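Structure first, commentary second.
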């Protein structure tokens, strides 16, 4: 082995000393390699996520003819984004705006109610001991394991017997039940709300409802925002349930309405409205992106809030 000597210091000793210092500092020699691998995987995931979004944005700027004659990631000859938006919002007397209003109604009432119920129930299960608590826990876990599509047909039959199909309640009522949100708030409340803080509030004479609304609710804020995000996305993207529950176009959410437009654009003698379908899809995801960024600020700021002073 070739060794470069300088006094009593050799290149081999220098390498060995550096390796010893890294090990002493807790830095594994394999860590940079693992870091590069994870970075590469994240970049691949980022590309996989962004390419469809970029395709959607570019396609929404094309006219109907450019959409069919150019590649997906290539801009058309004319920039038609604003004309496409106007045509989408006014097509068939503005039915898209009606679908948007329906979706907002289902999200505000359904996802908001699901978040409220999950918060109250999760807090109660986490902080109060009562007979049958383990049974409730098992039922919640079992409900999480059952996919929503498996329950769609039984739910339809039950709502049909009650005469609730083709009404907004056929979408809102099932959206109020969120087993995953309940479980998430249950686990979060166990750690976020100290039992000592509740005992101190009871000693001061506060009732249980006052303790929940004035003390516990602030500590549960990050978990509430997380459950709300999941509920909003789930309700906004809900497709199969409204597909089987609703047959009136004026009650459709955006997911079912845009699918109807897509089916309308296919086949012989079809109305060529692919540009409206794509533009409507772009308009559909904009509110979700806005809601996520608005709630993300409260989510991140609340992660370190509510700590108990010693």
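Based on the Kirkwood radius over alpha-carbon pairs, what is the Stokes-Einstein translational diffusion coefficient of the stretch 117-247 at 10 °C with 1.306 mPa s viscosity, in µm²/s?
The calculation lands on 96 µm²/s.
Roughly speaking, what is the centre-to-centre gap between the stretch 158-177 and the stretch 201-235 when only Cα atoms are used, to the nearest Å?
The stretch 158-177 and the stretch 201-235 have Cα centres spaced 28 Å from each other.
With a point put 7 Å past each Cα toward its Cβ, work out how far residue 213 is from residue 166 in nm, to one decimal.
With each label point 7 Å from Cα toward Cβ, the separation is 4.1 nm.
I need 286, 193 ordered by Cβ neighbour count within 10 Å, fewest first.
Ascending Cβ contact count within 10 Å gives the list 286, 193.
Arrange the following residues from fewest to most other Cβ atoms within 10 Å of their Cβ: 185, 162.
Details: 185 28, 162 12.
Fewest-to-most ranking of 185, 162: 162, 185.
Restricted to Cα positions, what overall size does the stretch 59-160 have along the principal axes? Three whole-Å values, descending.
69, 31, 30
If I model a spin label at residue 78 and residue 135 as a point 7 Å from the Cα along the Cα→Cβ vector, what separation in nanometres do I get?
6.8 nm
By counting other Cβ atoms within 10 Å of each Cβ, how are 226, 149, 70 ranked from fewest to most?
Arranged by neighbour count, lowest to highest, 226, 149, 70 become 149, 70, 226.
Every read-out reported here was derived from the displayed coordinates using simple, explicitly stated rules and does not represent laboratory data. Computed from a predicted model, the values in this text were never measured in an experiment. All Cβ positions, glycine included, derive from the backbone under ideal geometry; neighbour counts span all protein chains shown.
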